[in-house]
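Below you'll find the structure, written out as structure tokens, and then a few comments.
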Amino acid sequence: DLEINVSGNDLVEDPFSERKVVHEFFWKGARVRMSSWNAPGVHSTVDLSVLGVRADSSRYKPRFVPSWSLADSPSLALDASEFKAVKNANLDALLDRVGLEEKKLLDQMLEVYEPGAKGDMLRDSILEAGWLLLKSPKTDSRNPLLKRLWNAPIIEDVGGRHYSLGEAVSLQDKVAWSLEGRARKQFRLLQRRAA
């Protein structure tokens, strides 16, 4: 192994190297890399930097799927402390674009998802996207991405068999699901919306 040391500090490995899905895009001079969020929930996080210098993080409500992003943009301004990005039109535009790119990330996640993969963050992130986006199989079927989300085998019964959210909702309570905590509550809400 080659170790790289800069000013007495070991260089940190690429945080995206072990992830199954990484969506990268360039926009108005910014380079952004995004992946599924480590701890899916109700927010997404963007770690910001200006010309490679780490600034801070920004949280926002996801549009499609909770994600974690690294965004390096020369158009961001730093405040007087030089540790925080100034909240201005450039930052708002960048965060807006990151939110829109979540759709492409979700599409990529659905492409590579394999049911039953242990310790796979994709399943939890895809479930979060389902809780966020899905309303009813009938109305959502007009949108190709939502239709794929309804049909993805991302929910598991206590015996380990995989079902799509569409199947799970139609079965109602005939199957014991292996959902706990927040996921169980969100599934019940989805069942009510889809009824």
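How many of the residues in the range 8-26 are modelled with pLDDT of 75 or more and either part of a loop (DSSP other than H, G, I, E, B) or open to solvent by less than 60 Å² (accessible area, probe 1.4 Å) (or both)? Before the answer, list the steps.
If we filter the range 8-26 for residues that are modelled with pLDDT of 75 or more, which is where we start, we get 21-26.
Still in the list and also either part of a loop (DSSP other than H, G, I, E, B) or open to solvent by less than 60 Å² (accessible area, probe 1.4 Å) (or both): 21-23, 25.
Looking only at that region, the number is 4.
Do any helices (runs of 4 or more DSSP H) entirely within the range 58-148 hold 1 or more residues that are open to solvent by 30 Å² or more (accessible area, probe 1.4 Å) and in contact with an Asp or Glu (Cβ under 9 Å, 6 or more places away or on another chain), and if so, which?
Of the helices (runs of 4 or more DSSP H) lying wholly inside the range 58-148, those with at least 1 residues that are open to solvent by 30 Å² or more (accessible area, probe 1.4 Å) and in contact with an Asp or Glu (Cβ under 9 Å, 6 or more places away or on another chain) span 121-133.
I'd like the residue in the range 37-57 that is within 12 Å of the chain's Cα centre (by Cα) and modelled with pLDDT of 85 or more and, out of all such residues, is most open to solvent (accessible area, probe 1.4 Å).
Looking at residues that are within 12 Å of the chain's Cα centre (by Cα) and modelled with pLDDT of 85 or more, I get His43.
Report, by residue number, each residue of the range 149-160 that is open to solvent by 30 Å² or more (accessible area, probe 1.4 Å), closer than 20 Å to Asp107 by Cβ and either among the β-branched types (Val, Ile, Thr) or touching a strand residue (DSSP E or B) at 6+ places or on another chain (Cβ under 7 Å) (or both).
Selection gives Pro153 alone.
Is it the case that the range 163-176 has a residue that's closer than 18 Å to Phe64 by Cβ, under 22 Å from the mean Cα position of the chain (by Cα), in contact (Cβ under 8 Å) with a residue 24 or more places away in the chain and crowded, with 18+ Cβ neighbours inside 10 Å?
Yes, because at least one residue in the range 163-176 is closer than 18 Å to Phe64 by Cβ, under 22 Å from the mean Cα position of the chain (by Cα), in contact (Cβ under 8 Å) with a residue 24 or more places away in the chain and crowded, with 18+ Cβ neighbours inside 10 Å.
The values are calculated or read from the model by the stated rules, or taken from the named source; none is laboratory data. Predicted, not measured: the structure shown is a model, and the values here were computed from it. Note that we place each Cβ from the backbone using ideal geometry, even for glycine, and neighbour counts take in every protein chain shown. These accessible areas exclude ligands, DNA and RNA; they are computed on the full protein's heavy atoms, side chains included. Shrake-Rupley method; radii C 1.70, N 1.55, O 1.52, S 1.80 Å.
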